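Scroll down for the structure; my scribbles are underneath it.
The values are calculated or read from the model by the stated rules, or taken from the named source; none is laboratory data. Values in this document were obtained by computation on a predicted structure and should not be read as measured data. Here the Cβ is made from the backbone with ideal geometry for all residues, glycine too, and neighbour counts use every protein chain on show. Note: accessible area is taken over every heavy atom of the protein model, side chains too, but ligands, DNA and RNA are not part of it. Shrake-Rupley method; radii C 1.70, N 1.55, O 1.52, S 1.80 Å.
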Amino acid sequence: MNLIEQGFAWILDPENISGPSGWVARLLEQLAYTFGAVAIAAVIAVPLGYLVGHTGKGRDIAVSLSGGFRALPSLGLLILLALGLGIGFRAPLVTFVILAIPPILAGAYAGFEAVDRRTIDAARAIGMTEWQVVTRVEVPLGLPLLIGGLRSSVLQVVATATLAGYVAGGALGAFIFEAFALRDYPQALGASILVTALALVLEGIFALLQKLVVPRGVVVKEQREVRSRSSRTRAVMGTPIREGK
Amino acid sequence: MNHMFTAIKKGRLLTGLVAVGAVVALAGCASGDPLDTSSTSGGDAAEGGAIVIGSQAYYSNEIIAEIYAQALEANDIEVERQFNIGQRDAYLPALESGEVQLFPEYTGNLLQYYDPETTAKTSDDVYAALAGALPEGLEVLDQAPATDQDSYNVTKEFSEANGVTSLSDLASVTTPLTLGGNSELQTRPYGPEGLLATYGVTVGFTPIEDSGGPLTLQALKDDQVQLVNIYSADPNIAAAGLVTLEDPEGLFLASNVVPLINTDAATPEVSDVINKVSAALTAEDLVELNSQSQNDQESADTIAKNWLEKVALF
């Protein structure tokens, strides 16, 4: 049996699946960290990103802030926070919130910026208030980019949530830390496979979601037509993924 | 066709023979060099003269290795340092093959490596059992009084409030107890199960992965855990004012510092020097050496030099 097979055998072993320290429970913890951190980060970053995107003010600060936050070493931050907040779930959660903010912030303001100025002018011309411009034009049209931001922050957090095990925070990393100390490589690999699988599933769901949130009346075909007539490339809506095509 | 191949093969064989012959001849020259033999005749076993000293990638172990190195150098024995080798899986084969010849080890942990089922617990028993458990070609010199082993520690406040100074006192503590330590502790024989079996103490377990470092200390101070596993030579025990609980039933395997040596390198000269060092290395000394590294950020080189000057063996 090679190591990969041993890893899968570890996953399939009933002893490792259920119970408070089985991988199902640990996987749910990993998910709870991911969605908890991304939800909190979204509450902070989305309004902030919208404000920056709508007004165009503070863009430089938002860009450098999101860039700077990305450069923070997660494990170092986690240990620093755990020294203040104590061991358990709090320090990892705060760490992951900080990790999740930059992509969401960038997605939120980039989504607004990607809206064609002519569309906004048109909205104003038909008598929409500022609030209506935001809620009925900018938010729906910026949604694909925002979902893109959420998607990358979910991916980042779900992979990094393994670190929580370092400070008694549970999640799938607990298996990996233990396995390294005991030189139990099938367990380390089994847990890693689970993290990878979880990340791939979430990535798939968000890829689908990103397609679904394209507002009605704005379809990819139109985007191409607009582009061919105008020098404004990000005209009607923007999914960054399609831009290159 | 066939003939051609044979011809080529013959040609190769000939070249090979010439090459081997040349190597043998050269080797013969080297060993036959009168100057060479005279220079190694002093240290009989140490091929090429220098004795190769290794160390784990653990700061305290490196300090001890550096002490061995400087002590041998002080006695005009040539040494070569191969520090920071890592885990036993990596360095023990190198010791057996003679690539590395001398290594600071810990009796209990080393015995457990070669004999996981061992029942020896006390310092002397472990040392005796170790001599029998070592593979061919390896031996240990005298063990030092200094120990570096797992130990359970509580805060001073906890110790005073509950009247606890020994692991056997823990059974009478009524509040729930949680043990903190690296996650592998949970499955070690001296972990929660060992505490229950040996002392009748039931504890919960919280994994903290910094080997008794600042996170563990913080968790202890915050009362998230009440009992933590820290190596007995860790200067943090004294610095944080912790109380190390006594272990009258021998839950932990005693683990004294011991020099592990390849038999070929264990000349009387080398053994004599290292045994003198071991005899002088007390438990307090080891804590002090570790403290100089951890708290004063001194290099292993300086710490070893200062200690050798202090004990004035050579």
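With respect to the stated conditions, A:Ile98 fails to be open to solvent by less than 10 Å² (accessible area, probe 1.4 Å) and closer than 20 Å to A:Ala62 by Cβ.
The helices (runs of 4 or more DSSP H) located wholly in the range A:5-82 that include 2 or more residues which are polar (S, T, N, Q) and open to solvent by less than 80 Å² (accessible area, probe 1.4 Å) occupy A:23-55, A:59-70. Applying the criterion of being more than 9 Å from chain A (Cβ to nearest Cβ) and of a type in the set (S, T, N, Q) to the residues of the range B:201-213, the residue that is surrounded by the most Cβ atoms within 10 Å (Cβ to Cβ) is B:Ser211. Which members of the range A:171-201 meet the condition of being charged (D, E, K, R) and surrounded by fewer than 23 Cβ atoms within 10 Å (Cβ to Cβ)? If the condition is that a residue be charged (D, E, K, R) and surrounded by fewer than 23 Cβ atoms within 10 Å (Cβ to Cβ), then A:Arg183, A:Asp184 are the ones that fit. Considering A:Ala161, A:Ala168, the condition of being touching a strand residue (DSSP E or B) at 6+ places or on another chain (Cβ under 8 Å), open to solvent by less than 40 Å² (accessible area, probe 1.4 Å) and of a type outside the set (D, E, K, R) is satisfied by A:Ala168 alone. Restricting B:Ile77, B:Ile63, B:Ile67 to residues that are in the same structural domain as B:Trp307 (by TED's automatic domain parsing), modelled with pLDDT of 50 or more and in a loop (DSSP other than H, G, I, E, B) narrows the list to B:Ile77.
Listed here are the residues, each with its yes/no results for (1) within 14 Å of chain B (Cβ to nearest Cβ); (2) in contact (Cβ under 8 Å) with a residue 12 or more places away in the chain; (3) assigned to a helix (DSSP H, G or I).
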residue: A:Pro92; (1), (2), (3): yes, yes, yes
residue: A:Val97; (1), (2), (3): no, yes, yes
residue: A:Asp121; (1), (2), (3): no, no, yes
residue: A:Gly127; (1), (2), (3): no, no, no
residue: A:Val134; (1), (2), (3): no, yes, yes
residue: A:Leu141; (1), (2), (3): no, yes, yes
residue: A:Leu145; (1), (2), (3): no, yes, yes
residue: A:Leu150; (1), (2), (3): no, yes, yes
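Under the condition of being farther than 30 Å from A:Gln30 by Cβ, assigned to a helix (DSSP H, G or I) and open to solvent by less than 20 Å² (accessible area, probe 1.4 Å), the residues counted in the range A:101-119 number 1. Among residues of the range B:214-225 being surrounded by 15 or more Cβ atoms within 10 Å (Cβ to Cβ) and in a loop (DSSP other than H, G, I, E, B), the one that is nearest to the other protein chains (Cβ to nearest Cβ) is B:Gln224. Of the residues making up the range A:164-180, those that are at negative phi and facing another protein chain (nearest Cβ under 10 Å) are A:Gly165, A:Tyr166, A:Val167, A:Gly169, A:Gly173, A:Ala174, A:Phe175, A:Ile176, A:Phe177, A:Glu178, A:Ala179, A:Phe180. Residue pairs whose Cβ atoms lie under 7 Å apart, sitting 6 or more positions apart in sequence or on different chains, and linking a residue in the range B:295-306 that is open to solvent by less than 70 Å² (accessible area, probe 1.4 Å) to a partner that is charged (D, E, K, R) and part of a helix (DSSP H, G or I), are B:Ala300/B:Glu62; B:Ala300/B:Glu66; B:Ala304/B:Glu66.
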